[in-house]
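K.L.:
Take this structure first; my questions come after.
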Amino acid sequence: MSYNFKEVEKKWQDKWDKEGTFQAKQDFKNPKKWYGLIEFPYPSGQGLHVGHPRSYTALDIIARKKRMDGYNVLYPIGFDAFGLPAENYAIKNHVHPKITTENNINHFREQLKSLGFSFDWSREVNTTDPDYYKWTQWIFIQLYKKGLAYKATMPINFCTGCKVGLANEEVVNGVCERCGSPVVQKEKSQWMLKITEYAQRLIDDLDDIDFLEKIKAQQKNWIGRSEGAEVNFKIDSTDDSLIIYTTRPDTIFGATYMVIAPEHKMIEKQADKITNLAEIKAYQEKAALKSDFERAELNKEKTGVEIQGLKAVNPLTGEKIPIWVSDYVLITYGTGAIMAVPAHDDRDFAFAKKFGLPMKQVIEPKNASVKIDLEKEAFTDVEDGVAVNSDFIDGLPVKEAIAKVIEYLEANKIGTKKVNYKLRDWVFSRQRYWGEPIPMVYCETCGWVPIPEEELPLKLPDIEDYEPSENGESPLAKQLDWIQTKCPHCGKKAMRETDTMPQWAGSSWYFLRYMDPHNEKELASKEALEYWSPIDWYNGGMEHTTLHLLYSRFWHKFLYDIGVVPTKEPYQKRTSHGMILGTNGEKMSKSKGNVINPDDIVEEFGADTFRVYEMFMGPFDQVAAWSMESIRGCGKFLDRVWNLKDMLVDDENYLPEHEKMMHKAIKKVSNDIEEMKFNTAIATFMTMVNEFYKDKKLSKGEYKTFLQLLNPFAPHMTEELFEEIGESKTIAQTPWPTYDEAKTIDDQIEIPIQINGKLKTTITIPKDLAEEEIRKKVHENEVVCKNVENKTIVKEIYVNGKIYNIVVK
RNA sequence: GCUGAUGUGGCGAAAUUGGUAUACGCACAGCACUCAAAAUGCUGCGGGAAACCAUGUGGGUUCGAGUCCCACCAUCAGCACCA
């Protein structure tokens with residue numbers, strides 16, 4: 001009888017749905033809880049991508065195993081449904097995003113169910129549901145109340161395609177992360193969130209959580225902490241001074257000029273003293289036309305203009321040094337001004353070379369054998385440097401010199417120790433319709449006032465015209481009757497904020513809502529938060545490391561600070577899956593025509609085969625190209641499993657000839673699941689099946705264990721087969737198989753014998769044989785005799801149970 | 001340039017963490033079943049006649065290295081004038 005996966009899969013999916021098999025237990029009695037989380041999808045019109053199930057299947061396997069291990073498991077799902085595609089679709093086709101979103105969610109839900117994930121569907125959340133975004137808005141108001149949300153007019157990244165402001169994190173290579181249009185700088189009043197206030201904690205607390213090393217490294221890199229000093233350089237014959245930031249205060253004696261960013265306000269302040277103001281202004285204008293990206297692109301050639309009429313005074317040498325304007329100094333980092341030490345900084349070196357500026361060596365290599373050539377390149381080595389020509393720090397290694405200079409600067413009040421971060425505050429406004437309205441009102445008298453919390457949610461009004469206005473205002477700006485309101489503070493006429501929140505808002509806390517999704521009084525109850533926090537395991541894409549993952553950690557820390565959540569960090573463990581590429585090894589895209597539709601795969605091979613294949617493709621954390629031949633192989637494997645029932649021997653125990661294999665397999669599969677080594681777990685299953693086929697028999701006990709182990713991978717087929725042998729329970733209700741360590745050890749072991757480290761032969765011995773006996777056996781061996789003949793044995797090494805090596809001369 | 005990975009058969013990949021390199025799968029070939037094909041089952045499958053040689057390249061440590069150390073090369077991802 002052949003396997004009808006369509007019928008079987010439908011049968012079990014319906015049963016799970018009807019019985020709510022995988023719903024998390026509502027009571028909090030079981031102290032063993034496990035909360036597994038996958039990134040909830042954006043319900044795009046294209047439907048599910050084959051990449052989604054890679055992550056979902058992995059955690060589904062772990063979740064199913066954890067349930068069998070006796071845990072109360074929460075494995076929820078929802079939809080991150082605000083965002084531009086639905087809005088752009090609405091602009092084109094005049095269909096309300098609400099409708100598109102609902103249709104897409106229905107499609108996604110069906111697709112996800114067809115894959116047999118053990119999600120708790122009773123907790124499904126949807127970020128566009130007013131009952132949900134009520135709490136997103138509530139969190140925003142709390143941020144505002146604590147001074148962490150503020151309005152600022154500042155140059156922002158503006159996407160010329162989407163016509164919205166973007167956060168730094170959303171700009172990739174100078175173009176919009178979403179639509180690929182060029183990004184320009186634009187002055188705009190925006191809501192900002194002070195993520196920078198949490199920069200240090202976002203670094204420090206990484207030490208206490210189990211994130212993949214590359215994720216931690218990427219987050220640290222993005223936050224970009226650097227330690228240094230701010231130093232005050234007086235401007236000669238004025239009361240003004242230039243504050244610079246440096247990580248190398250030890251090189252201050254080698255500062256031969258200063259550089260300020262074109263936007264630096266000192267230029268305006270000292271305009272009357274500058275003798276070449278026209279030239280400076282021209283340079284400023286030229287720089288303003290370039291985006292940050294273009295500036296960085298023009299990496300090779302540095303440009304700049306000297307400010308005539310002004311000199312800075314080196315506070316340690318008293319030397320008067322020139323001041324230059326150049327766009328290699330960024331106004332957005334540090335103080336927008338630097339001291340240039342061309343002998344010990346690559347960029348300063350390039351600039352000094354180009355403009356013929358003087359260089360002064362103040363650091364030399366400790367290691368005399370290191371040759372440096374300051375004509376060719378700067379000497380920047382921190383580990384190997386010693387100060388010279390530097391007065392009171394002469395002879396000190398760089399690190400000590402830095403400490404000494406800072407001490408001096410602070411004692412003389414000309415500078416302070418300072419930590420800087422690359423991380424910037426989060427631009428939180430979007431001039432778009434399909435997002436959470438920002439619950440703020442502007443009153444002429446009172447300024448910005450949050451709307452009263454009891455009025456939440458502030459619902460998004462229904463509109464007809466989704467087109468953003470040409471001046472870049474949100475479509476909501478045209479909804480006059482919605483905008484006009486009363487000031488909650490003084491009662492006078494006031495206007496609503498028309499910007500909406502970015503897509504990252506709803507996803508910054510959704511995992512909390514899953515804990516108590518229908519709560520009308522709080523975002524989640526204290527009990528639920530206490531019980532389920534933190535998330536035990538969160539798997540998602542690397543592309544979210546500096547966006548979603550950082551943002552949600554920030555919000556969570558804030559919620560911790562105001563006493564809403566019980567843990568500092570939301571996620572105890574974070575892992576990441578590799579991308580699935582098309583059959584040609586390229587990223588799947590419509591234009592390349594290499595998109596694999598999960599529906600087609602389920603239709604042709606069934607969900608179980610699909611799941612097994614995605615887990616068998618290769619190491620979970622690495623990219624893998626789709627292969628139609630390989631998925632067929634996985635289908636063949638499941639067919640062989642299906643046909644095992646013809647070889648069943650009626651015996652509840654393991655057969656003697658299979659006992660070792662069974663115990664080893666339980667151990668291997670259990671460990672592999674915990675370590676996400678799904679591919680080798682499946683290889684173990686295949687080896688077992690090959691063994692059963694070879695012997696043409698397996699006991700009922702072996703069969704049951706095998707089905708239990710395979711169940712998290714191929715849940716439908718295994719449940720069906722389990723039911724067929726007359727089991728009253730489903731596999732999901734049975735405990736995970738256990739193994740006996742003693743029974744995983746072979747009685748007879750094969751020992752490889754090497755001569756001079758090269759394998760010559762092997763002998764088989766009982767596992768506990770004494771070393772003397774083994775030695776005797778080795779020397780009786782024919783191959784060994786031949787190889788040691790006429791040679792002197794220098795040494796013999798026996799590593800217990802592993803190897804025997806004879807060294808001869 | 002910086003950070004983090006990766007490099008093993010024709011292909012996807014394993015290797016108990018320093019101890020028999022190539023498990024498992026795909027592709028391929030042969031055999032069985034069949035009138036035939038498909039499906040299925042079984043067998044073989046790094047190179048070499050062999051000694052031996054093979055884990056990106058070149059060194060090193062070790063009785064022994066895919067695994068550790070040093071120096072390179074290539075590919076991928078992220079960041080990038082961050083002072």
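K.L.:
Could you give the distance between the Cα centres of segment A:434-475 and segment A:28-80, to the whole Å?
P.N.:
Using only Cα atoms to place each centre, the spacing works out to 34 Å.
K.L.:
Name the long-range amide H neighbours of A:VAL172: under 5 Å, sequence gap of 5 or more, or other chain; modelled H, no Pro or chain starts.
P.N.:
Counting only residues 5 or more places away or on other chains, the set is A:GLU177.
K.L.:
Right, here's the next one. With +1 on each Lys and Arg Cβ and -1 on each Asp and Glu Cβ, and nothing else charged, work out how big the dipole of segment A:491-539 is about its Cα centre, in Debye to the nearest 20.
P.N.:
Roughly 420 debye, rounded to the nearest 20.
K.L.:
Express the C-alpha Rg of segment A:49-88 as a ratio against the empirical globular expectation 2.2 N^0.38 Å, rounded to two decimals.
P.N.:
Normalised by 2.2 N^0.38 Å, the Cα Rg of segment A:49-88 equals 1.63.
K.L.:
Using a/c under 1.5 as the rounded threshold, could you call segment A:94-141 rounded, prolate or oblate? The axes a ≥ b ≥ c are square roots of the C-alpha gyration tensor eigenvalues, and prolate needs a/b larger than b/c, oblate otherwise.
P.N.:
oblate
K.L.:
Taking the Cα atoms of segment A:233-283 alone, what are Rg (to one decimal) and Dmax (as a whole number) in Å?
P.N.:
Over segment A:233-283's Cα set, Rg and Dmax evaluate to 12.6, 36 Å.
K.L.:
In whole Hz and in residue order, list the ³J(HN,Hα) couplings for segment A:366-372 that follow from phi through the Karplus curve 6.51 cos²θ - 1.76 cosθ + 1.60, θ = phi - 60°; x for Gly and Pro.
P.N.:
With the stated coefficients, segment A:366-372 comes to 5, 7, 4, 6, 7, 9, 10 Hz.
K.L.:
Report the net charge of residues surrounding A:LEU316, where surrounding means a beta-carbon distance below 14 angstrom and charges are Lys +1, Arg +1, Asp -1, Glu -1.
P.N.:
Charge balance in the 14 Å sphere: 0.
K.L.:
In whole percent, what relative contact order does segment A:329-486 give with Cα contacts below 8 Å and a gap of six or more residues?
P.N.:
Averaging sequence separation for qualifying contacts and normalising by length gives 12 percent for segment A:329-486.
K.L.:
Residues with beta-carbon under 14 Å from that of A:GLN13, excluding A:GLN13: net charge, scoring Lys, Arg +1 and Asp, Glu -1?
P.N.:
Summing Lys/Arg as +1 and Asp/Glu as -1 gives -2.
K.L.:
Can you divide the C-alpha Rg of chain A by 2.2 N^0.38 Å and report the result to two decimal places? Walk me through the numbers before you get to the answer.
P.N.:
On the way: Rg = 33.5 Å, N = 809, 2.2 N^0.38 = 28.0 Å.
With N residues counted in chain A, Rg over 2.2 N^0.38 Å equals 1.20.
K.L.:
Take each of the peptides A:531-544, A:636-649, average the number of other beta-carbon atoms within 10 Å over its residues, and list them starting from the highest.
P.N.:
Sorting A:531-544, A:636-649 by mean packing, highest first, produces A:531-544, A:636-649.
K.L.:
If you don't mind, another one. I need the peptides A:339-350, A:618-629 ranked by packing, meaning the mean over residues of other C-beta atoms within 10 angstrom, with the highest value on top. Walk me through the numbers on the way to the answer.
P.N.:
Numbers: A:339-350: 22.8, A:618-629: 14.8.
Going from most to least packed, we get A:339-350, A:618-629.
K.L.:
Which distance in nm do the two modelled labels at A:THR153 and A:ASP599 give, with both placed 7 Å along the Cα-to-Cβ direction?
P.N.:
Distance between the two pseudo-spin positions: 5.1 nm.
K.L.:
How large is ³J(HN,Hα) for each residue in segment A:798-809, as worked out from phi by the Karplus curve 6.51 cos²θ - 1.76 cosθ + 1.60 (θ = phi - 60°), to whole Hz, x for Gly and Pro?
P.N.:
Working through the residues one at a time gives 10, 9, 2, x, 10, 6, 10, 10, 10, 9, 10, 10 Hz.
K.L.:
Can you check what the net charge comes to around A:ALA387, using other residues whose Cβ is under 10 Å from the Cβ of A:ALA387 (Lys, Arg +1; Asp, Glu -1)?
P.N.:
-4
K.L.:
If only Cα atoms are counted, what is the Rg of segment A:367-426, and what is its Dmax, in Å?
P.N.:
Over segment A:367-426's Cα set, Rg and Dmax evaluate to 15.3, 48 Å.
K.L.:
Follow-up question, since we're still on this one. How many angstrom lie between the Cα centre of segment A:141-167 and the Cα centre of segment A:492-567?
P.N.:
Answer, in whole Å: 19.
K.L.:
Step through the residues of segment A:18-25 one at a time and calculate ³J(HN,Hα) from phi using the Karplus curve (6.51 cos²θ - 1.76 cosθ + 1.60, θ = phi - 60°), rounding each to whole Hz and writing x for Gly and Pro.
P.N.:
Each residue's phi maps through the Karplus curve to give 5, 8, x, 3, 9, 6, 5, 5 Hz.
K.L.:
Using the number of other C-beta atoms within 10 angstrom as an exposure proxy, rank A:ILE793, A:ILE141, A:ILE682 with the fewest first.
P.N.:
A:ILE793, A:ILE141, A:ILE682
K.L.:
Relative contact order (percent) for chain A, with alpha-carbon contacts under 8 angstrom and 6 or more residues of separation?
P.N.:
Taking the mean separation of contacting Cα pairs over the length of chain A, I get 14 percent.
K.L.:
Based solely on its DSSP helices, what 222 nm [θ] is calculated for chain A when runs of n ≥ 4 H residues each add -39,500 (n - 2.57) and the sum is averaged over all residues, nearest 500 deg cm²/dmol?
P.N.:
My calculation for chain A gives -10000 deg cm²/dmol from helical runs alone.
K.L.:
Can you tell me how segment A:564-627 classifies by the Cα gyration tensor, rounded, prolate or oblate, using a/c under 1.5 as the rounded cut?
P.N.:
Here segment A:564-627 falls in the prolate category.
K.L.:
Using only the Cα atoms of segment A:306-390, what semi-axes does the equivalent ellipsoid have when each is the square root of 5 times a gyration tensor eigenvalue? Give whole Å, largest first.
P.N.:
Sorted largest first and rounded, they come to 25, 15, 13 Å.
K.L.:
Just the Kirkwood number for segment A:568-685, please: inverse of mean 1/r across all distinct Cα pairs, in Å, one decimal. The partial results should precede the final answer.
P.N.:
Numbers: mean 1/r = 0.0595 Å⁻¹.
Taking the inverse mean of 1/r over all distinct Cα pairs, segment A:568-685 comes out at 16.8 Å.
K.L.:
A further question follows. Starting from the 7 Å offset along Cα-to-Cβ, what nm value, one decimal, do you get for the label separation of A:GLU657 and A:ASP465?
P.N.:
Placing both labels 7 Å beyond Cα along the Cβ direction yields 8.2 nm.
K.L.:
I want to make sure I understand the PRE zone here: with the label point 7 angstrom from the Cα of A:GLU407 toward its beta carbon, which residues in segment A:245-284 have backbone N atoms less than 13 Å away?
P.N.:
Flagged as within label range: none.
K.L.:
Also: So what does the Cα-only Debye profile of segment A:431-526 read at q = 0.21 Å⁻¹, as log10 I(q)/I(0), no solvent term?
P.N.:
-1.10
K.L.:
I'm a student and want to see the number: the projected area of the Cα convex hull of segment A:169-296, averaged over all directions, in nm².
P.N.:
So the mean shadow area of the Cα hull is 12.3 nm².
Every number here is computed from the coordinates shown, using simple stated rules; none is lab data. Everything numeric in this text was worked out from a predicted model, so none of it was measured. Counting neighbours? That spans all protein chains shown, and the Cβs are built from the backbone with ideal geometry, glycine included.
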